[in-house]
1. Could you look through the stretch 76-98, keep only residues that are β-branched (Val, Ile, Thr) and at pLDDT 95 or above, and pick out the one that is surrounded by the most Cβ atoms within 10 Å (Cβ to Cβ)?
2. Quickly run through the stretch 474-507 and pick out the residues that are closer than 27 Å to Asn625 by Cβ and surrounded by fewer than 24 Cβ atoms within 10 Å (Cβ to Cβ).
3. Given the conditions (1) more than 25 Å from Asn392 (Cα to Cα); (2) in contact with a helix residue (DSSP H, G or I) (Cβ under 8 Å, 6 or more places away or on another chain), and given that Lys371 satisfies all but one, which numbered condition is not satisfied?
4. Look through Leu637, Leu660 and report the one residue that is touching a helix residue (DSSP H, G or I) at 6+ places or on another chain (Cβ under 7 Å) and in contact (Cβ under 8 Å) with a residue 12 or more places away in the chain.
5. Can you find a residue that is outside any helix (DSSP H, G or I) and farther than 27 Å from Cys642 by Cβ anywhere in the stretch 378-389?
6. Looking at Glu238, is it farther than 25 Å from Ser271 by Cβ and of a type in the set (Asp, Glu)?
7. Please work out which one of (1) touching a residue at least 60 places away in the same chain (Cβ under 8 Å); (2) farther than 20 Å from Asp85 by Cβ; (3) among the acidic types (Asp, Glu) is the condition Glu479 fails and give its number.
8. Quick one: how many residues across the stretch 508-519 are among the hydrophobic types (A, V, I, L, M, F, W, C), under 21 Å from Asp536 (Cα atoms) and surrounded by 17 or more Cβ atoms within 10 Å (Cβ to Cβ)?
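The values are calculated or read from the model by the stated rules, or taken from the named source; none is laboratory data. Worth saying up front: this structure is predicted, and the values here are computed from it rather than measured. Neighbour counts are summed over all protein chains in view; Cβ atoms, including those assigned to glycine, are modelled from backbone coordinates with ideal geometry.
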Amino acid sequence: MGKFVDIFRARQLGVAVGTMILLGGCGQDAPQNMDGLDSQSAPDIDSTESQLNARRFDGVQLVMPADTLNANPESNATRNAYFGDLHVHTNYSFDAFAFGTVASPYDAYRFAKGEAIKHPAGFDVQLRAPLDFYAVTDHAMFLGAVKAAADTTSEFSRFDHVQGLHNLNAPENQNFESIPERVTAFTTFLGNTLTKVGDGSIDPDLVDQIAKDAWTDTIRAAESFNDPGNFTTFVAYEFTSSTDDRGNLHRNVIFQGADRLPAMPFSRFHSQNPEGLWDWMDGLRQNGIEALAIPHNSNGSNGQMFKLVDWASNPVDDEWARKRIRNEPLVEVTQVKGTSETHPLLSNSDEWADFEIMPYRVATTLASEPKGSYAREALLDGLALADSGITNAYQFGLVGATDTHVGASSLDESNFFSKVGLLDADGERRGSVPMDAGEVEVIRAAGRVNVQEIGGRDYATGAYETWSASGLTGVWAEENTRDALYAALRRKEVFATSGPRIKIRLFAGYDYDADDGLADRYAKGVPMGAELHGADGRAPTLVASALRDPSSAALQRLQIIKGWVVGGQTNEQVYDVACSDGGQVDPKTHRCPDNGASVNLNDCSITRNVGASNLDVVWRDPDHNPEHRAFYYARVLENPTCRWSTWDAVKAGVEPRPDLKKTLQERAWTSPIWVMPQS
């Protein structure tokens, strides 16, 4: 049909051209009748048709170069590092309210700006220094409903299954003894409510209206505290899904602006499948509402977060890959429930891979399968996808956050208040300090965690002891505004830290000189988060730098992590590239010498005058092959310090729990740069 129409149109056009030629000839010297036209001047319709059907310019099509230029490197060179938390829960989250949290989104923003707020256990929590940006990300599923159930004046509080929630967070109920009731609320509310909505006992319009009211108030709080140039808030929420075997599939959805937003957030009850979330976001984008999603706790996904098949278990194709990376350009690699950079079983040549590993599926004590659950392996699998001709679905940047459920980010090892309110408010409840008989009885009655005898003492054990005082997102942006910060998130010029405000940066190019300034690095190459094109056989030059947090330990080493693919096989290598205290990298092992930094476990004091305030390097890959597709990202490690569990023990005057790590090395990670192969 299509070919026929094309031929028909061409014949029409040929006749029209012939007619115009004839009419154009009807001038003063034209013959008086058609017989006067000789064979040489008559139009050849078949010839005209042939010309029209021929491809213009012989059908030659040029290849569009993929390399880029930077039109304003001087402006880019003025970008500052801003720090914030894009994963914060308040009293509108079903679980946070059950944990005793009464902090509102307004309280959360006050905390981020430096004010003290109350922890559910009654003590004050406050940052050492204000943050630059913050996003309240309450759970979308039944948003605000537990808070409404606790309010005995609300219509929702009248249902039988929520009677036990009445006045749950009244001052007289904010105590250790209430933990069993709170665990029951946490574990039963969602299922019971959804069942009643499904059987018609609860009008879905009622729970939707509760969610809409809570969402409207969340937006109002963000708008009230957004202060362009000084403090930025983002309207955001959490999409909280999982597989049927409890593999975590949680994402935070961050909106660019607030001038136009959905009336309520899309939840796991609208689609268990994250592909449904992507479709919803694509639909919003078509209507001028821009947002991105950030997966988190891939470590607890049981191999589900970074699979190479779609929800229906079909091998991923280009359409799926494009949809995923369009909506999920970033991954949260560190937070309170552990770090998801890599795992010792996946990176056995990386001595620092065993960092704050949380081995369970989220909200369980079921083991989580490492394969398919960690970011570095996903970055490698993304290279293999690209090598096979499919869009790299895992070409993502790296960020950090806390996932606090008390409205306040817990970032300091020495002052850790963990995540889940009354359930882990002190060392005894979170498993770092032994419990007495009364505490053991309450913890056992709650059933949330186990009690285990370790070294002759009873400890709470399960998941809390594996959690972390982490993390933060760092953003390189021109100014502290929604548009500037969001643009940086989109272009992946972002980094993650395990808590300290370390500033880290990475560039790559082929024509850098030793004395280049920051503007030259932008002009001659690309920053983290970008692709580097233009390979001509030379190894790319990487420029990495890290500046310590003055309130934290000194820096020990700066590293480059490389991943590449050869014939579908993925490979990785960790290179130390800059050492503190004048140390030199061993060219064979690619490792810095030990700088002698240590920790006194009696009081958590650390070695002074060891380590660096900043580490910088201009480095070329000694093993570069221009035919290999590769990525590079930088990682910087501080000198060792006490882990929060050791700090708890020191403050309690007891020995650190013997089966937990006593120290750690805080760190920061840049987003990768992807180096395209010469071919």
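1. Checked the stretch 76-98; the qualifying residue surrounded by the most Cβ atoms within 10 Å (Cβ to Cβ) is Val88.
2. Across the stretch 474-507, the qualifying residues are Lys492, Arg505.
3. Against the list (1) more than 25 Å from Asn392 (Cα to Cα); (2) in contact with a helix residue (DSSP H, G or I) (Cβ under 8 Å, 6 or more places away or on another chain), Lys371 comes up short only on (1).
4. After applying the criteria, what remains is Leu660.
5. Yes, because at least one residue in the stretch 378-389 is outside any helix (DSSP H, G or I) and farther than 27 Å from Cys642 by Cβ.
6. So Glu238 fails the test.
7. Here Glu479 clears every test but (2).
8. Going through the stretch 508-519 one residue at a time, the tally reaches 1.
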